[in-house]
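Engineer: So that we are looking at the same thing, I have put the structure below in structure tokens.
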Amino acid sequence: MPISPPRKVGFVSLGCPKATVDSELILTQLRAEGYIVAPTYKDADLVVVNTCGFIDAAVEESLDAIGEALAENGRVIVTGCLGAKGDIVRETHPKVLAVTGPHATAAVMDAVHVHLPQPHDPHLDLIPPQGIRLTPRHYAYLKISEGCNHRCTFCIIPSMRGDLVSRPIGDVMKEAENLVKAGVRELLVISQDTSAYGVDVKYRTGFWNGRPIKTRMTELTQALAGLGVWVRLHYVYPYPHVDEVIPLMAEGRLLPYLDVPFQHASPRILKLMKRPANSEGTLQRIRDWRAICPDLTIRSTFIAGFPGETEAEFEALLEFLEEAQLDRVGCFAYSPVEGAKANALPDPVPKEVREERQARFMAVQEKISAARLKKKVGQTITVLVDTVGPEGAIARSAADAPEIDGRVIIAKGGKLKVGEFARVKVTRSDAHDLWATPSGPRAVS
Ligand code: SF4
């Protein structure tokens with residue numbers, strides 16, 4: 001089968017250092033997808049012009065550059081700040097193929113794919129550099145390790161997946177970088193135990209872009225925080241070093257969101273569960289975290305009706321819930337998983353009692369959640385847009401992980417774009433979701 005020659009894209013980059021970074025991201029993505037950057041208009045199949053619209057002289061220079069590219073080549077995609085200034089580009093140059101605003105690598109690549117599709121090469125294109133993802137383009141899960149060193153008695157993961165194996169930090173960061181270059185705006189850090197990252201390799205120093213960096217949660221999150229996207233931490237156990245990431249959250253560098261699966265509050269039940277980092281000072285830890293980062297959203301999961309759980313212990317759990325005022329909580333009635341050690345514990349709780357306790361737990365939490373969300377009514381918050389339809393848009397705030405937490409439903413949000421950050425004013429709430437109206441765009445940088 002004849003192999004088609006690679007497609008060639010010309011590139012004109014104008015404007016400030018931020019625009020240069022945008023150009024670099026687009027050029028990197030073009031190269032990653034096999035496009036060649038053409039040195040002249042004549043050699044190019046299509047030209048991308050990254051514009052500046054800051055002052056009148058820059059607007060004029062950008063419009064002239066678009067005119068020149070159209071005259072010399074004829075097929076032009078415009079991106080950058082001028083693209084965000086109303087219809088000026090299309091009014092002056094109606095023949096341009098597409099116009100996007102700044103920081104829009106994904107939108108530029110979409111336009112390139114439409115107007116200059118790259119022929120598929122089965123020998124080279126097995127997998128894109130950002131990997132194959134099942135999530136929408138604008139958020140992605142970043143798995144940092146596999147397996148687990150703990151032996152919680154209700155869990156069979158270690159027996160299936162083995163002990164903790166941390167991925168090299170350089171590989172994790174490279175993957176995160178590629179995801180961001182491919183248009184991801186939110187990275188969700190996952191593993192069985194995120195706070196244990198690097199324990200298996202004794203926190204050895206790895207390298208990312210030639211820079212030494214320790215294989216450890218704090219150092220990883222510091223590096224991820226520099227990528228300029230939302231970074232959300234899941235499955236964090238309350239080890240002492242978790243305190244190190246709270247200031248990063250308070251500074252706005254990491255999402256102020258911690259997913260900590262507490263599972264129970266009774267020290268005796270936690271011991272029976274063999275939970276990691278099980279300490280009696282949990283409430284004080286939560287208070288300390290919130291003192292440093294008042295906007296912190298805490299998500300957790302619990303098990304009701306664990307073998308041996310007495311009514312008094314369950315009520316202590318409800319008291320903990322009232323005290324802790326967690327934001328997002330799931331509760332499961334204990335279910336005996338085949339092969340789990342907890343099944344052999346004495347005094348199993350009958351199924352109907354387990355289910356009744358779960359329902360009581362959720363009723364308490366629903367009230368807490370509704371009251372906490374009500375406090376947000378009237379506030380203006382930043383959201384990431386997930387879907388847009390004729391009725392409006394559905395988005396998520398810093399407090400909402402995809403699939404498991406609430407949503408922000410934006411009436412009159414039809415003009416928002418999927419994957420963009422927006423500022424919205426919260427108008428209403430219930431026990432899970434918020435309703436809001438747009439109050440202006442916001443780019444993270
Ligand atoms: S529940 Fe316990 S044993 Fe299972 S994966 Fe989580 S920490 Fe490891």
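Engineer: For the chain, what is the calculated [θ] at 222 nm in deg cm²/dmol (nearest 500), taking -39500 (n - 2.57) for each run of four or more DSSP H residues and dividing by its residue count?
Structural biologist: -9500 deg cm²/dmol
Engineer: Follow-up question, since we're still on this one. With all protein chains present, how much of the accessible area of region 223-322 (probe radius 1.4 Å) comes from carbon and sulfur, to the nearest whole percent?
Structural biologist: Accessible surface attributable to carbon and sulfur in region 223-322 totals 54 percent.
Engineer: Sort GLU175, GLU355 by accessible area with a 1.4 Å probe, largest first.
Structural biologist: From most exposed to least exposed: GLU355, GLU175.
Engineer: Tell me the label-point distance for the pair ASP56, THR382, using the 7 Å Cα-to-Cβ offset, in nm and rounded to one decimal.
Structural biologist: Here the answer is 3.4 nm between the modelled labels.
Engineer: With the other protein chains left in place, how much accessible area per residue, in square angstrom, belongs to the chain at a 1.4 angstrom probe?
Structural biologist: Here the residues of the chain average 48 Å² of exposed surface.
Engineer: Just how much of TYR141 is accessible, in Å², when a 1.4 Å probe is used and the result is rounded to the nearest 10?
Structural biologist: Only protein atoms counted, so the area is about 90 Å².
Engineer: State the extension gain, in nm to one decimal, for the chain segment bounded by ASP200 and MET160, taking 0.36 nm per residue of separation less the distance between their alpha-carbons.
Structural biologist: Answer, rounded to one decimal: 12.6 nm.
Engineer: A 26 angstrom limit on the alpha carbon distance is what I want to check against. Which of LYS181/LYS417; LYS143/LYS214; LYS341/LYS367; LYS376/LYS412; LYS367/LYS425; LYS95/LYS417 exceed it?
Structural biologist: Where the Cα-Cα span goes over 26 Å, the pairs concerned are LYS341/LYS367.
Engineer: Once ligands and nucleic acids are excluded and a 1.4 Å probe is used, how much of PHE421 is accessible, expressed in Å² to the nearest 10?
Structural biologist: PHE421 exposes around 10 Å² with every protein chain in place.
Engineer: With a Förster radius of 25 Å, plug the Cβ-Cβ distance of ALA344 and THR301 into 1/(1 + (r/R0)^6) and report the FRET value to the nearest 0.05.
Structural biologist: 0.65
Engineer: Got a sec to turn the phi values of region 367-373 into Karplus ³J(HN,Hα) couplings, 6.51 cos²θ - 1.76 cosθ + 1.60 with θ = phi - 60°, whole Hz, x for Gly and Pro?
Structural biologist: 5, 4, 4, 4, 5, 5, 5
Engineer: Simple spin-label model, 7 Å along Cα-to-Cβ: ASN209 to ILE404 in nm?
Structural biologist: Reported label-point gap for ASN209 and ILE404 is 3.0 nm.
Engineer: Would you kindly derive the ³J(HN,Hα) couplings of region 168-179 from the backbone phi angles with the Karplus curve 6.51 cos²θ - 1.76 cosθ + 1.60 (θ = phi - 60°), listing them in order in whole Hz, with x for Gly and Pro?
Structural biologist: Using θ = phi - 60°, the values come out as x, 5, x, 5, 4, 5, 4, 4, 4, 4, 4, 4 Hz.
Engineer: Which distance in nm do the two modelled labels at THR437 and GLU91 give, with both placed 7 Å along the Cα-to-Cβ direction?
Structural biologist: It is 2.8 nm.
Engineer: So for the chain, what are the equivalent ellipsoid semi-axes in whole Å, largest first, each being the square root of 5 times an eigenvalue of the Cα gyration tensor?
Structural biologist: Computed over the chain, the values are 47, 26, 19 Å.
Engineer: Also, quick follow-up: From the phi of every residue in region 402-409, what ³J(HN,Hα) in whole Hz does the Karplus formula 6.51 cos²θ - 1.76 cosθ + 1.60 yield, where θ is phi - 60° and glycine or proline is x?
Structural biologist: Per-residue couplings from phi come out as x, 6, 9, 9, x, 10, 10, 9 Hz.
Engineer: Additional query: Considering only DSSP beta bridges with both partners in the chain, what is the antiparallel share in %, to the nearest 5?
Structural biologist: Bridges in the chain are about 40 percent antiparallel.
Engineer: Here's something else I'd like to know. Roll a 1.4 angstrom probe over the protein heavy atoms and tell me the percent of accessible area of region 347-445 that is carbon or sulfur.
Structural biologist: Ligands and nucleic acids excluded, carbon and sulfur reach 54 percent.
The values are calculated or read from the model by the stated rules, or taken from the named source; none is laboratory data. Computed from a predicted model, the values in this text were never measured in an experiment. Ideal geometry is used to build each Cβ from the backbone, glycine not excepted, and the neighbour counts take in all protein chains shown. Ligands, DNA and RNA are excluded from the accessible area calculation, which covers all protein heavy atoms including side chains. Shrake-Rupley method; radii C 1.70, N 1.55, O 1.52, S 1.80 Å.
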